[in-house]
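Scroll down for the structure; my scribbles are underneath it.
None of the figures in this text is laboratory data; all of them are computed from the coordinates on show. What you see is a predicted model; the values in this text were computed from it and never measured. Cβ sites come from the backbone with ideal geometry, for glycine too, and all protein chains shown count toward neighbours.
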Amino acid sequence: MTNDAHTTIQELKDLVAKFRDERGWAVHHTPKNLAMSIAIEAAELMEHFQWDDYTQAQQQGIADELSDILAYCFNLADTLGIDVSAAYRDKIRRNAQKFPTDIFSPGHDDAAAYNRIKKEYRARKK
């Protein structure tokens, strides 16, 4: 069965790389072009929500745009040699430190704390 529960990220990366390579498109897939394409496809996804609330009738169009975004993300990861699983797990680990559960958990919807922590985090990055 082909679904999220049975498909690896590597399988998806290989699938999009095969599609790209069969068409000779790798030459066009520079990091800049891929990053721009991700942003463009994200804007196309946002169009589905711009003026209307979500309806089931939009499902296929939304799935198509999300798939385009993922394809460009996997292409970018392949081009730059990024291990998506490792990068994602590392980012979640850092986010857990950045947004501690004693402040950010159900019942602790504190916008002031969120803004303070974000400001402190940005100041540390400078």
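Tell me, what ³J(HN,Hα) does each residue in region 64-79 have, in order and in whole Hz, if you take phi through Karplus 6.51 cos²θ - 1.76 cosθ + 1.60 with θ = phi - 60° and put x for Gly and Pro?
With the stated coefficients, region 64-79 comes to 5, 5, 4, 5, 4, 4, 4, 4, 5, 5, 5, 5, 5, 4, 5, 4 Hz.
Using only Cα atoms, find the angle between the long axis of helix 111-125 and the longest principal axis of the chain, and express it within 0 to 90 degrees, rounded to the nearest 10.
For helix 111-125, the angle is close to 70 degrees.
Could you pull out which residues in region 66-98 have an amide N less than 20 Å from a spot 7 Å beyond the Cα of ALA39, following the Cα-Cβ vector?
66-80
Whats the longest run of the chain with zero chymotrypsin sites (Phe, Trp or Tyr not before Pro) that are DSSP loop and have at most 13 other Cβ atoms within 10 Å?
Answer from the scan: 55-126.
Can you give me the long-range amide H partners of HIS48? Hydrogens built in the peptide plane at 1.01 Å from N, cutoff under 5 Å, separation of 5 or more residues or another chain.
none
Taking the Cα centre of the chain as origin and charging only Cβ (+1 Lys, Arg; -1 Asp, Glu), how large is the dipole, in debye to the nearest 20?
In total the dipole reaches around 1100 debye.
Taking the Kirkwood radius as the inverse of the mean 1/r across Cα pairs, report the Rg/Rh of the chain.
Working: Rg = 18.4 Å, Rh = 17.6 Å.
Radius of gyration relative to Kirkwood radius: 1.04.
Karplus couplings for region 80-96 from phi (6.51 cos²θ - 1.76 cosθ + 1.60, θ = phi - 60°), rounded to Hz, Gly and Pro as x?
Computed from phi, the couplings for region 80-96 are 8, x, 8, 7, 4, 4, 5, 5, 5, 5, 5, 5, 4, 4, 5, 5, 5 Hz.
Can you spot the lysines whose alpha carbon is less than 19 Å from LYS118's alpha carbon? Ignore those fewer than 8 places along the same chain.
Qualifying lysines at Cα under 19 Å: LYS91, LYS98, LYS126.
Can you give the extra length, in nm with one decimal, that the chain gains between ILE9 and TYR121 once fully stretched, where that is 0.36 nm per residue apart less the Cα-Cα distance?
Numbers: separation 112, 0.36 × 112 = 40.32 nm, distance 3.05 nm.
This chain segment gains 37.3 nm when fully extended.
If we sort 35-42, 7-14 on the protection proxy, mean other Cβ atoms within 10 Å, highest first, what's the order?
Highest-to-lowest ranking by the protection proxy: 35-42, 7-14.
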